[in-house]
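The values are calculated or read from the model by the stated rules, or taken from the named source; none is laboratory data. Just so it is clear, the structure is predicted and the values come from calculations on it, not from any experiment. Don't worry about glycine lacking a Cβ; one is built from the backbone with ideal geometry, like all the others, and counts go over all protein chains shown. Heads up: the accessible areas ignore ligands, DNA and RNA and are worked out on the full protein's heavy atoms, side chains in. Shrake-Rupley method; radii C 1.70, N 1.55, O 1.52, S 1.80 Å.
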Amino acid sequence: GVADVESGVLATASTPYRIASVTKPLAAVVAMRLVEEGVVDLDRKMSGYSEWEDFCVAFSQQPSIFAQGLVCDPAEQPLRHLLSHTAIGAPGTGFSYNPVLYSWASRPLMAGAGRSFSGLVDEYVFQPAGMDRSARIYRDLPLPEDLARALAPPHRMREDGKMQPAPYLKPQGDGAAGGVVSTVLDLVRFDIALDRGELISKESRTAMMAPNHSKDGAELPYGLGWFLEDYKGHRLVWHSGWWEKAYSALYLKVPDQGLTFLVLANSEGVWWGNPLDRAEVRKSDFARLFLGAFLGR
């Protein structure tokens, strides 16, 4: 395809895109590294973070779908719940995907490490994985000029089915839920480094990709930074990315087969509308083609 319909510039494996929520696996690596270093405890209650209660109360009163059912009891809510999307309702009782709370989790990580979240991603992910065509971007951190020039601009589909340029996205905060620009090849480098144990220990990687359980013992479809589901006897580990009328992405792993599938787009073309309370990557047309080709239909 093309990276820009107006100029006709072709998309390549080195074209940088906003990867949206595919940032979450990278952020989870940062969290696990800080756990390994003993500066962060995922089970520490949010009562230990002075800003949490004020944020939670203010956010819970907003009309956002991600605020519905949020219970602001910092004595019962550990950091792990924010990173595993188990913070809605009675803490730890069920799964409800919540990018707002996941994004806020960057604050305890920054507090524990004493560094900016973007600095942590650079130190613990980009540099050791050799991701030299990747960068963080937020309100106070613009893209390097070379990446900004090469970035695939966002597009949206018109009513007649043709693509047209979309408005550029407003900058956000230094959160854990998004804010990464990367390429397919750089994400491959991340994937290889993760599997080789070069970013976090293999024990931490296993813990990150293990399902959480509700308080009644039910297995939930998310670990730390990864959706989880089964397909024909194989465990699928994946994350999607979606920025409305702008970008979409899919990062899908089949660990027991050593397979990884990556798709980045500067449109909504990869997004399939996964529900907030389930993992259904099999409903993605791209995932179905991949799984059918490698694991059988």
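Here the chain yields Rg over Rh of 0.95, to two decimals, using C-alpha coordinates and the Kirkwood radius. Taking the chain as a Gaussian network of alpha-carbon nodes connected by springs under 10 Å, the highest mean-square fluctuation of the residues G94, G112, G38 belongs to G38. Structure note, pairs K232/K253; K24/K162; K245/K283: Cα-Cα distances above 22 angstrom occur for K24/K162. Karplus-based coupling profile of the stretch 252-259, in residue order and whole Hz: 10, 10, 10, x, 6, 10, x, 10, with θ = phi - 60° in 6.51 cos²θ - 1.76 cosθ + 1.60 and x standing for Gly or Pro. The length gained by stretching the chain between D256 and A75 to full extension, at 0.36 nm per residue less their Cα-Cα distance, is 61.3 nm. Derived scalar couplings between HN and Hα for the stretch 166-179 equal 9, x, 5, 7, 6, x, 10, x, 7, x, 8, 7, x, x Hz in order, rounded to whole Hz, by the Karplus curve 6.51 cos²θ - 1.76 cosθ + 1.60 (θ = phi - 60°), x for Gly and Pro. Normalised size of the stretch 242-297, defined as Cα radius of gyration per 2.2 N^0.38 Å with N residues, equals 1.16.
Normalising the average separation of contacting C-alpha pairs (under 8 angstrom, six or more residues apart) by the number of residues puts the relative contact order of the chain at 23 percent.
Summary value for the stretch 95-204: 35 percent relative contact order, contacts being C-alpha pairs under 8 angstrom separated by 6+ residues. Computed from the alpha carbon positions, the gyration tensor of the stretch 16-81 leads to an equivalent ellipsoid with semi-axes of 24, 20, 9 Å, biggest first. The stretch 107-143 and the stretch 236-297 have Cα centres lying 25 Å from one another. Expressed in units of 2.2 N^0.38 Å, where N is the residue count, the Cα radius of gyration of the stretch 132-185 is 1.31. When the convex hull of its Cα atoms is viewed from all sides, the stretch 67-204 shows a mean projected area of 11.4 nm². With a cut-off of 20 Å on the backbone N, the residues of the stretch 273-294 near the modelled label site 7 Å out from L169 along Cα-Cβ are 273-276. Atom-type composition of the exposed protein surface of the chain places 50 percent of the accessible area on carbon and sulfur (1.4 angstrom probe). Over the chain, accessible surface divided per residue gives 45 Å², non-protein components excluded, 1.4 Å probe.
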